[in-house]
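Reading through the structure tokens given below for one structure.
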Amino acid sequence: MSRTKLTTHFSLEELLFSQEAARHCLDNIPGGSVQINLARLAETLERIRAAVGNRTVTVTSGYRSPALNQRIGGSRTSAHMDGRAADIVVRGMTALQVARAIQAAGIVLDQLIFEGSWVHVGIARVGERARGDVLTAKFGPAGVKYERGIVAA
């Protein structure tokens, strides 16, 4: 199967793939405006790849259709639904190391969230200024709470 390359190291297919969508036969194909955001996101992922020493960046969750986002319990305003966010891991690095490397590189993001075992990165909407939120997710019985900064457990 041919892959649609968005950048040197990232394809449209990897930003769309979801095991949960496949398992439950959910359509996870976005419209044209979302694909523009996915191309912008892929460019940001290239900068992240450079910041982590050109190691392989694996997208564990990219675009999510509204049905998929609801199924996994995502935020109703999730940037994943319009192709502006990805959850990533990097082989050979902990999520904490990845988050710190991204922050140290000064990559402009709307959100950088250290999620424990992965890192969430989000870009701003076209024409909007990135908020530059740097957060750590703390998971507990009452749900997720966010703390400012990258905070080790």
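Read-outs throughout are calculated quantities, based only on the coordinates presented, and are distinct from any laboratory measurement. On a predicted model such as this, the values are computed, not experimentally measured, just so you know. Glycine also receives a Cβ, built like all others from the backbone with ideal geometry; neighbour counts cover every protein chain displayed.
Computed quantities for the displayed model
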read-out: Residue list for the range 115-133, given a label point 7 angstrom along the Cα-to-Cβ vector of E43 and an amide N cut-off under 12 Å; value: 124, 126-127
read-out: Furthest towards positive pole of dipole, I29, F114, A130, structure part the range 17-153, Cβ charges; value: F114
read-out: Ascending count of other beta-carbon atoms within 10 Å, so fewest first, for Y63, Y146; value: Y146, Y63
read-out: Relative contact order %, the range 10-87, counting alpha carbon pairs below 8 Å whose residues are six or more apart; value: 38
read-out: Magnitude of the charge dipole, the range 12-148, Cβ model with Lys/Arg +1 and Asp/Glu -1, debye to 20; value: 320
read-out: Calculated on alpha-carbon atoms, Rg and Dmax of the chain in Å; value: 14.8, 44
read-out: Share antiparallel - DSSP beta bridges, the chain, percent rounded to 5; value: 85
read-out: Helix-only CD estimate at 222 nm, as mean residue ellipticity for the chain, using -39500 (n - 2.57) per DSSP H run (n ≥ 4); value: -9000 deg cm²/dmol
read-out: HN-Hα J in Hz across the range 97-114 - Karplus 6.51, -1.76, 1.60, θ = phi - 60°, x for Gly and Pro; value: 4, 5, 4, 5, 5, 5, 4, 5, 6, x, 5, 6, 10, 6, 9, 10, 10, 7
read-out: Top of I36, I72, I107 by mean-square fluctuation, Gaussian network on the chain, Cα under 10 Å; value: I72
read-out: Candidates Q35, Q19, Q97: whichever shows maximal mean-square fluctuation once the chain is modelled as a Gaussian network with Cα springs under 10 Å; value: Q19
